[in-house]
Structures are given as structure tokens and as C-alpha cells.
Amino acid sequence: MAGVLFGREGPYLRLPGRHLGPEGALGSECVLRGLVDRGLEGVRSMVSDDHEGIKVAGELSGVDWQRCVVYFERNVLAHVPASWTEEVDQDLSLLSCES
């Protein structure tokens with residue numbers, strides 16, 4: 001598993017943390033703990049795909065977790081018959097605009 005977190009510094013993206021190791025909560029928590037050890041503070045929430053390890057690591061770190069809308073839409077469309085894809089995609093877009 002390669003856990004990577006990005007941060008913005010001015011117009012540039014920084015790569016403050018990464019971990020190569022087993023996939024799951026332990027690997028994800030290792031990335032988060034490493035960032036905290038290096039001075040990261042004030043994180044209240046995180047957004048990711050529906051990866052169980054990332055969600056658990058967030059809970060262990062006391063951070064609120066939210067599922068990424070793009071990943072959610074991709075997962076939904078992967079289970080929709082091809083003939084419905086366009087209509088469901090439009091409906092999902094309307095829902096995400098309302099929230």
C-alpha cells in the first residue's frame with residue numbers, strides 16, 4: 001500500500017507523507033502519525049475513497065472522515081447497466097450540486 005497525502009503550499013502541491021507497507025488501518029495510521037510527529041496539527045476532517053483502512057485511521061486519529069464524491073459516483077456508475085449510465089450520471093450531478 002502506498003498512502004500519500006498532499007497539501008497545498010502557495011500554488012504548489014507538497015508531498016508531506018507517504019508509507020509503503022501493508023494495506024489497511026495500520027499503514028494509513030502510520031502515514032497520519034508520521035505527519036503529526038513532523039508537526040501537522042489542526043486537522044479536523046479528511047476526504048478519501050471508501051478504503052476501510054483510511055476510515056479507521058481517521059477514527060483512531062480523532063479526525064472526521066467523508067467519502068469523496070468523485071469516487072462515490074464512479075462506484076455507483078460501475079454497477080449501473082450501460083444503457084442507464086448517462087441518466088444516472090446526470091442525476092448524481094444534480095444531487096452533488098444540491099449539497
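Every number in this text was worked out from the coordinates using simple rules, so none of it is lab data. What you are looking at is a predicted structure, and each value in this text was computed from that prediction instead of being measured. Reconstructed Cβ throughout: ideal geometry from the backbone, glycine too, with neighbour counts over all protein chains shown.
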ASP91-ASP64 pseudo-label distance in nm [points 7 Å out on the Cα-to-Cβ vector]:
2.8 nm
MET46 long-range amide H proximity, modeled H, under 5 Å:
ASP64, TRP65, GLN66
Under the Karplus relation 6.51 cos²θ - 1.76 cosθ + 1.60, θ = phi - 60°, what is the ordered set of whole-Hz ³J(HN,Hα) values for the stretch 74-85, x standing for Gly and Pro?
4, 5, 4, 5, 5, 10, 9, x, 3, 5, 9, 3
